[in-house]
Amino acid sequence: LSPPLKLTGTVRDPDGKPAAGVKLSLFPVQVRTVTSQTDSDGRYEFNWQARLNQEETEWLLARDLNRGFAAIHEVDKTMTNLDLVLQEGITLSTKVSDTDGQLLTNATAAVSLLTRGFGLSPQPATADEHGNLRISALLRGEGYSLEITAPGHTSDTRRLEADDTKTKLLELPPVVLTPADGEVSGPDLDADGKPAAGIEVQMFSAGMPTPRTTTDSNGHL
């Protein structure tokens, strides 16, 4: 790792006024995201370390979730101060239901930047009582990947190209998730046809999490 680094600055809204309560994330730092938030004067501070000989570029992302503003800037390891000016962002909106038309109020969406490959912070966005998912304060003109999930259901992934997001509001087609209510059981046998205990079993299916279990002493799962 490099020596400890410190980055400070002020975040301002499009009118040039200090923006309080703005969520900031610095990524990828040690293959993760470091977060901060501006104070009442729009000031922020990061203490971080970068990996030596790391070829990836660090980025500072700022999102004003209340007013829908956003900004991003490349971070140089020699920087000690970086001021940002927020711009009006884009809001993505969709409705989530199951195959019976039941609204999924527990659906969530995780959002990643396509070109930079990192998930946005804070994550994830959660549907309201009407099954509506709204993700605000995103950068315009950027490509995104959305993974929409709900407990007990399959998942769905939506890909948005940069040309799709050059607007203030983008209404996406409704998302329909299939209930995952199936169950698999049975014996697991070894090469001699005898019950195989302690064997890890995984199930793979498109659009689904990858459940795993281990056979019991009788080889059952």
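Would you mind calculating the gained length between Ala180 and Thr80 on full extension (0.36 nm times residue separation, minus the Cα-Cα distance), in nm to one decimal? Walk me through the intermediate numbers first.
Details: separation 100, 0.36 × 100 = 36.00 nm, distance 4.97 nm.
Full extension of this stretch gives 31.0 nm more.
Taking the square roots of five times each eigenvalue of the Cα gyration tensor of the stretch 1-111, the equivalent ellipsoid has semi-axes of 31, 20, 11 Å, listed largest first.
Quarter the surface of the alpha carbon convex hull of the stretch 60-162 and you get the mean projected area, 7.4 square nanometres.
From the cross-link list Lys6/Lys166; Lys17/Lys168; Lys95/Lys166, which pairs have alpha carbons spaced over 25 Å apart? With Cα atoms farther than 25 Å apart: Lys6/Lys166.
All of the numbers you see were taken from the coordinates with simple rules; none came from a lab. The structure presented is a predicted model; accordingly, all values stated were derived computationally and were not measured.
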